[in-house]
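The values are calculated or read from the model by the stated rules, or taken from the named source; none is laboratory data. Because the structure is a prediction, the values reported are computed rather than measured. Using ideal geometry, Cβ is built from the backbone for each residue, glycine included, and neighbour counts are taken over all protein chains shown.
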Amino acid sequence: MASSTLYRKYRPSKFSEIVGQKHIVRTLSNAVTNNRIGQAYLFTGPRGTGKTTLARIFAKTVNCKSLKKEPQKMISAESCLKCENCKQFQENKFTDIIEIDAASNTGVDNIRDLCETAKLSPFQGKFKVYIIDEVHMLSQGAFNALLKILEEPPAHIIFILATTEIHKVPETIISRCQRFDFFKFTTEEIVKKLSDISKKEKIEIDKEALALIALMAEGGMRDAESLLEQIITLEKNNITAKKVETLLGVSGTQSIEKITELIFDKNTNEALLFINQIYRDGYNLEIFSKSWLEYLRKIMIMKVSSDLGKQFFSNLTKNQCIKIEKLSEKTTTQIILSFIETLSKTIPKIKTAFIPQLPLEYAIVSLTNNSEYITENRNPEEKNITERKELSTKNKKSSLKNISKKNEKNEKIDKKEINTIDIYAIKKAWKDIVNEIGKNNYSLSMILSNSKPIENSSRGIVEIVVKHSFHKNLVNKPENKLTIIDISNKITELIFKVEAVTEVESGVKLKTVLSKEKTVQENSSDKNDNNSQNSLLTDALNLMGGKVVES
């Protein structure tokens, strides 16, 4: 079975069969009904969203001899599929609809030939329609040739330009077209289409399995149909979500539910272990994170309104709805929004990360150790901890003393849970922190050896003042910040967020520390050398662990 069989077999043949893009379908069908057909259209949007399919249907509809018109309906014009023109089109024999792949016909000569043939009258239909796919691939000369005919097109010509990269299409071309923006399909739209195909193909597949396929397709219907076909070539009956997970290397709803619960419970250790177990099991962390983001969206909407959630996600089972409702009751809307924002920023980093699981680990540690993320359903003792966290940011020593008087139990609370910024303790231990970091990361410790930790109370973080912007960028790498937090926690038993800033940004002037390397360099330097260049060179030498060697 060819990989495109299902896609071609179930490709829509008229407006009413189109899934999604209703705003475009309605506009185009009304244009046919009211005989207000433009001569140049531009379809733009992600791949697999129906641009070429809709272009073909529009081209067929304007040339249909027995057009069905129903002005009172949303889709006011439909091709009959029975006239000679429609039949010829279905058999790919209709000569007045010409499809061109711009990726293979990029040159100016190709477009000049097109312009010459376009002047000829239609052979079979009312209009001669040119569908130019991936139009952004045309050369500048080809665009100039196309522009000439777009400025003064013959009355019998319709151009439909399709592109996934609108920013590469010249403004002169865009301004002469009616532009339509195509959007990715929702998970629900893809699941519905796949479900219809499965029924027609007599395939047994559960809704959760279809939802997994939809998530893998990332909003592309063509990709979803291709994935479904891959699966049914291996499994034809009783296709479950578990089988799809195994075949596609993705993690299912149970895994997503578990990681969400661990995060809401602020269980950092278990959450980190779970992510690493998923990675070791061979699951795709990027797809896992996208599934998790989709799940958090469900929780967010369910938190806003239970009825709205059930309406949005009609494909969920009863047990899944109950689980999502319970999780939504466990936290606040603000926390859910924070989770969604953090995860959205994390996903693009996974593919390019040197350590694939690191971006997720960093996000988990950030989320579970931030004092803002406190669940509503804490017991009284946990609420006392929360109380202490809030007060400590206002008045560190006095607040902790007052709380201990209120409740003696709080004296037994582990310091790690206080999550306070005691800048005096951090400064006192800073040299030990830097030395400990140097055991495994010499470059980072060299930067930090001439730095200074200060408290930014407005942001609730410890800022590390460094000399230069390239120092700042290196320290602010997620893996380096994680190292600083981990070592600092071990030495001071305090958990805090860190962010590197330059002297200029902080307003703090660092002392100049002269190393042996710097002394050698300055003694051997030319008198006309710039001091700042020397400083930068020395910092770079220290960073890389190098020395100036005289030949």
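Only one of the listed residues (I190, I149, I158) is surrounded by 21 or more Cβ atoms within 10 Å (Cβ to Cβ) and either outside any helix (DSSP H, G or I) or not hydrophobic (A, V, I, L, M, F, W, C) (or both). That residue is I158. Scanning the stretch 139-167 for residues that are of a type in the set (V, I, T) and under 21 Å from D96 (Cα atoms) yields I149, I157, I158, I160. Highlighted here are the helices (runs of 4 or more DSSP H) found entirely within the stretch 1-67 that include at least 3 residues which are β-branched (V, I, T) and out of contact with any His (no Cβ under 8 Å at 6 or more places or on another chain): 22-33, 51-62. Specify the residue that is nearest to F496 (Cα to Cα); the eligible residues are those in the stretch 469-483 that are assigned to a helix (DSSP H, G or I) and of a type in the set (S, T, N, Q). For the stretch 469-483, the residue satisfying everything is T483.
The residue list T331, T342, T352 contains one member that is in a loop (DSSP other than H, G, I, E, B), outside the structural domain of L210 (by TED's automatic domain parsing) and surrounded by 12 or more Cβ atoms within 10 Å (Cβ to Cβ), which is T331. Close Cβ contacts (under 6 Å, 6 or more residues apart or on different chains) running from residues in the stretch 331-347 that are touching a residue at least 60 places away in the same chain (Cβ under 8 Å) to residues that are assigned to a helix (DSSP H, G or I) comprise T331/F264; F339/L296; I347/S289. Within the stretch 264-321, the residues that satisfy the criterion of being among the polar types (S, T, N, Q) and at pLDDT 85 or above are N267, T268, N269, N276, Q277, S289. Within the stretch 165-193, residues that are free of Cβ contacts under 8 Å to residues at least 40 places away in the same chain have Cβ atoms under 6 Å from residues that are surrounded by fewer than 18 Cβ atoms within 10 Å (Cβ to Cβ) in these pairs: T172/L147, counting only partners at least 6 apart in sequence or on another chain.
The residues on offer are K65, K87, K126, K82, and the sole one that is touching a residue at least 60 places away in the same chain (Cβ under 8 Å) and of a type in the set (K, R) is K126. Taken over the stretch 431-468, the residue count meeting the criterion of being in a helix (DSSP H, G or I), free of Cβ contacts under 8 Å to residues at least 60 places away in the same chain and polar (S, T, N, Q) is 2. Screening the candidates Y7, Y41 for the property of being among the hydroxyl-bearing types (S, T, Y), buried (at least 18 other Cβ atoms within 10 Å of the Cβ) and modelled with pLDDT under 85 yields one hit, Y7. Candidates are the residues of the stretch 56-79 that are in contact with a strand residue (DSSP E or B) (Cβ under 7 Å, 6 or more places away or on another chain) and modelled with pLDDT under 85; the one that is surrounded by the most Cβ atoms within 10 Å (Cβ to Cβ) is A77.
Being at pLDDT below 75 and closer than 30 Å to L308 by Cα is a description that does not apply to T393.
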